[in-house]
Amino acid sequence: MGLACNIVDKTMPPSFSEGLEFTLGREELPAIIDILRNTEKADLVVLISHLGFPQDMKLLSEVPGIDVCLSGHTHNRLYQPAIQDRTLVIQSGCDGSFLGRLDLEIEGGRITGWRHKLLEVEAGIEPDPEIEDLIRREIAPYQKDLSAVAGQTATALNRATMLETTMDNFLLQALQEATGAQLAFSNGWRYGAPVVPGRAR
């Protein structure tokens, strides 16, 4: 059986990350917000974040001046926005299974009203003909490959939890079989959308 474990990759060449710097944003955001509000005269400041819901809520408690946070990473399905001080925070699930719609009323640079809907993407939704045709034309050259059956599973391959999952175990067992290794490790990430039993991919 595979073992799920978080590891740090020290083998990545420095050139892969040259010029990149990752922070939580609490030190950089106040100056950016000040420019948006006072220099650019923005009526609305929207933060698009991939820190995850708990980290976003903590960040917003420390940094004022953000009106809306489009939060990501933890894939929460928020049927109503969470509110941190004066900031509306929404998340809309994952894998295109939901769409979040947020309508705002703004007066004098402040949100005076809002409406939010979490819309489930399901089979009964009528596709837009123009967009459907555009998608059909774009995938046409790849249709043969996209239609090929790579395999079937008798077990649900789940990627929705944070640590060990059936998807992780499947990948780790495949690595062991392909390499002959006694152990295989996963960095705890989640791969792709869940696959239900019997579904061909």
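Values in this text are rule-based calculations from the coordinates and carry no lab data. Because the structure is predicted, anything quoted here is derived from the model rather than measured. Backbone-built Cβ (ideal geometry, glycine too); neighbour counts: all protein chains shown.
Please arrange 90, 125 by how many other C-beta atoms lie within 10 Å of their C-beta, fewest to most. Write out the running numbers ahead of the final one.
Values: 90 20, 125 10.
Going from sparsest to densest Cβ surroundings: 125, 90.
Given labels modelled 7 Å from the Cα in the Cβ direction, how far is it in nm from residue 43 to residue 116?
2.1 nm
What's the magnitude of the charge dipole for region 44-111 around its Cα centre, counting Lys and Arg as +1 and Asp and Glu as -1 at the beta-carbon? Answer in Debye, nearest 20. Let's see the in-between values first.
Working: 5 positive and 8 negative charges, 27 e Å.
Roughly 140 debye, rounded to the nearest 20.
Quick one: plug the Kirkwood hydrodynamic radius of region 82-182 (C-alpha pairs) into Stokes-Einstein at 37 °C, 0.692 mPa s, and report D in µm²/s.
After rounding, the answer is 174 µm²/s.
Considering only DSSP beta bridges whose two residues both sit in the chain, what percent are antiparallel, to the nearest 5?
So the antiparallel bridges amount to about 65 percent of the total.
Along the Cα-to-Cβ line of residue 85, 7 Å from the Cα, sits a label point; which residues in region 35-52 have backbone N less than 17 Å from it?
Counting backbone N atoms under 17 Å from the label point, the list is 35-38, 44-49.
Under the rule of -39500 (n - 2.57) per DSSP H run of 4 or more residues, summed and divided by the residues of the chain, what mean residue ellipticity at 222 nm is obtained, to the nearest 500 deg cm²/dmol?
Details: 5 runs with 46 residues, N = 201.
Rounded to the nearest 500, it is -6500 deg cm²/dmol.
Taking the inverse of the average 1/r across all pairs of different Cα atoms in the chain, what Kirkwood radius in Å do you get?
20.9 Å
Using alpha carbons only, how many degrees (0 to 90, rounded to 10) separate the axis of helix 53-62 from the longest principal axis of the chain?
Between helix and principal axis, roughly 20 degrees.
What span do the alpha-carbon atoms of region 43-120 cover on each of the three principal axes, reported in whole Å from largest to smallest?
36, 25, 15
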